[in-house]
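Note sheet for the following structure.
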Amino acid sequence: MRLLVLSDIHANLEALEACLEAAPEYDQVFNLGDIVGYGADPNAVTARSRELGSVFVRGNHDKACSGVSNLNDFNPIAGLAALWTRQRLIPQHLEFLRELPHGPIAPMENLQLVHGSPRDEDEYILLASDAYAMLGQTSVPLVFFGHTHVQRCFLLEPDGGPGKSLLPAPKLARGLQTVRLELNTGTKYLINPGSVGQPRDNDPRAAFLLYNTEENSITFYRAPYDIATAQKKIISAGLPERLAARLAEGR
């Protein structure tokens, strides 16, 4: 199977459509959460996400924007965006977001999907040491996670050696970029596809990946999109201007 893995779309319709246009043929979509929050198109992005597939885990913004959780852990800008989103989501999308499953989920025997981490759906895995400890505890060889908005792969090989961290280095300042990685039997992987709608690795291009189960490989993608239009929508909606500015900065 060819599995399209998306995460952290954050109501950015332009970025989502650019990813879908850049993606090769796929059989199913795995969505790692944070469909909404920050961006100006929560209803359109939720509708599009629901059209694409049925395999989801919830993100912290999905919970906050639908009223499942409070805003105590959100900074003021994120909190304002969540309240704005909650007021504009139509009832059927609010209900859909409220019912998204708590991760981890296991749509296939060899993998798990989480938003934050396998032990806490809201945990940020940023440090390599935390990732290696997590891999040492997991019972499956492959975990896809989001939440950090950083496209990255952590791995532990079966020989007990030190873990490795792979950060797909941008080869192009612009344009479509792909980086393919073959997965080895016996090695454990913790993989972040990056953020579709709000990357934070200093590359403003939208990020996603394709997992090919037959080839046992993943391919990281970076796709350019119409950032200016997404920014104009945010400003026109009355959302904080910082949310627009950071799209061009990729952080």
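What's the carbon and sulfur percent of the chain's accessible surface, probe 1.4 angstrom, rounded to a whole number?
On the way: 5340 of 10700 Å².
Result for the chain: 50 percent of the exposed heavy-atom area is carbon or sulfur.
Determine the equivalent ellipsoid of the chain by diagonalising the alpha-carbon gyration tensor, then write out the semi-axes as square roots of 5 times the eigenvalues, largest first, rounded to whole Å. Working shown, then result.
Values: eigenvalues 156, 77, 57 Å².
They are 28, 20, 17 Å, listed from largest to smallest.
Accessible area per residue of the chain at 1.4 Å probe, in Å²?
Details: 10700 Å² over 251 residues.
Dividing the accessible area of the chain by its residue count gives 43 Å².
At a 10 angstrom cut-off on C-beta neighbours, averaged per residue, how do the peptides 92-99, 5-12, 40-47, 185-192 rank from highest to lowest?
Values: 92-99: 17.4, 5-12: 30.0, 40-47: 22.4, 185-192: 19.0.
In descending order of packing, they fall as 5-12, 40-47, 185-192, 92-99.
So which aspartates and glutamates can Lys232 reach, going by Cα to Cα under 18 Å and dropping same-chain residues fewer than 8 places off?
Glu14, Glu17, Asp41, Glu241, Glu249
The values are calculated or read from the model by the stated rules, or taken from the named source; none is laboratory data. On a predicted model such as this, the values are computed, not experimentally measured, just so you know. Note that we place each Cβ from the backbone using ideal geometry, even for glycine, and neighbour counts take in every protein chain shown. The accessibility values were calculated without ligands, DNA or RNA, using every heavy atom of the protein model including side chains. Shrake-Rupley method; radii C 1.70, N 1.55, O 1.52, S 1.80 Å.
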